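S.K.: Before we start, here is the structure in question, set down as structure tokens.
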Amino acid sequence: MPLITNRNQVLEIYAVAAEKKWVIPCFCSENLTTTEAVLAAVAEHGKEIGDAALPVTLAITNLYSHRSQTLEYTCTRNWRTGLKLFLNDLKILCDADSPFRKLNVMVHLDHIQHDVDAELLDWSMEQFSSIMYDASALPLAENISKTAEFVEKHRAEILIEGACDEIIDAGGNEVCSLTSPEKAMNYFEQTGVDMMVVNLGTEHRAGSANLQYHGEIAREICFAIAGSRLVLHGCSSVTLEQLTRLFDDGICKVNIWTTLERDSAPVLLSEMARNAAKIAGPILAEKLFAEGILGSRADRTSNPSLEFFPTVYRQNIVFGEMRKIVRSYLRQFLLR
Ligand SMILES: [Zn+2]
């Protein structure tokens, strides 16, 4: 199916998902390997549960200071180039001759900043399925008026996710309190957003430390706004077990990124260390061993092999691991 960007079609996918008690999974991507791993995992999951047309969203951030993913997409470090390639890659992966053609794929602009992303905000919004308009760094009243202005202008073109509260980065000194139902209700009513991000205790970029996802607050907010319109960010900061009943808590979309990169990199490191000589030759492998960087079980005798030193060797490892991680989330969000 071609990439789904029509607002009504997107709304329809959310409506069908709600009937099935699904939470729409949204994975951020800053390279083609990640995008393909997500699509491959969704297609595989679809096969397992007997539904070839599962919904999934691929997302990218732009000039978001915490992570500018369009800049990472190409070595030009030009966001326009990165964003166009990301979008084209997705379109081509949804073509009639792609193995992912049956999926319902949507594209999301994540954490788009009200100020530094002004140029992107002038692009036609119709080429995207949804956008997170992020003015959460502003005082609440300004956040609300900026977001309401954006909604007024673009509501007919695109599904809009607002950011009621900032989701902080792990390890910083910021303290962010959980969003109160009252605050969420005011924000929701005054901005007119389709869905919104509130602070439910998760953080961006965190390991599963001592954070707690607060489902009870999500439920109170949904009761206050009379709908399941919440988007959960910072999923990588809590354990998968905490995320099992999101639909019942009124979460309609989850955003995931950190875990994909954080938990695939160690597998790549281990594989490369184990196959050191096949990747870099015996002289370097021996030198790294002498320096104490490699251990005694690392291959130090083989010759470099075409199977091991090209980029695709590393991509395959990352792809395989990311696909596994995505599958583990899908089992929670897209139930049989
Ligand atoms: Zn986020």
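The values are calculated or read from the model by the stated rules, or taken from the named source; none is laboratory data. Computed from a prediction, not measured in an experiment: that's the story for all the values here. Cβ coordinates were reconstructed from backbone atoms using ideal geometry, including for glycine residues, and neighbour counts include every protein chain displayed.
S.K.: Only one residue in 163, 184 is within 14 Å of the ligand (Cβ to nearest atom), under 20 Å from residue 203 (Cβ atoms) and surrounded by 22 or more Cβ atoms within 10 Å (Cβ to Cβ). Which one?
M.R.: Going through 163, 184 in turn, the sole match is 163.
S.K.: Could you grab the pairs with beta carbons closer than 9 Å, sequence gap of 6+ or different chains, first residue in the range 249-273 and closer than 19 Å to residue 205 by Cβ, second one at pLDDT below 95 and assigned to a strand (DSSP E or B)?
M.R.: From the range 249-273, the pairs are 257/204; 258/204.
S.K.: Search the range 223-265 for residues being more than 15 Å from the ligand (Cβ to nearest atom) and polar (S, T, N, Q), and hand back the single one that is nearest to residue 198 (Cα to Cα).
M.R.: 228
S.K.: Run residue 287 past the list (1) under 29 Å from the mean Cα position of the chain (by Cα); (2) away from the ligand (no atom under 16 Å from the Cβ) and report the number of the one that doesn't hold.
M.R.: Here residue 287 meets the rest and fails (1).
S.K.: Could you tell me how many of the residues in the range 108-150 are within 16 Å of the ligand (Cβ to nearest atom), closer than 19 Å to residue 24 by Cβ and of a type in the set (A, V, I, L, M, F, W, C)?
M.R.: The number of residues fulfilling the criteria is 4.
S.K.: Please tell me if residue 42 is more than 16 Å from the ligand (Cβ to nearest atom), in contact (Cβ under 8 Å) with a residue 24 or more places away in the chain and assigned to a strand (DSSP E or B).
M.R.: No, not satisfied.
S.K.: Scan 210, 186, 199, 173 and give me the residue that is modelled with pLDDT of 90 or more and assigned to a loop (DSSP other than H, G, I, E, B).
M.R.: Going through 210, 186, 199, 173 in turn, the sole match is 199.
S.K.: Still on this structure: Could you list, in sequence order, all residues of the range 78-134 that are outside any strand (DSSP E or B), out of contact with any Leu (no Cβ under 7 Å at 6 or more places or on another chain) and among the acidic types (Asp, Glu)?
M.R.: 95, 97, 115, 119, 122, 126, listed by residue number.
S.K.: Could I ask something else about it? Those residues that are within 16 Å of the ligand (Cβ to nearest atom) and of a type in the set (D, E, K, R), I need them from the range 187-222; list them, please.
M.R.: 203, 205
S.K.: Now for a different question. Which residues, counting only those in the range 287-310, are closer than 14 Å to residue 269 by Cα and out of contact with any helix residue (DSSP H, G or I) (no Cβ under 8 Å at 6 or more places or on another chain)?
M.R.: 293
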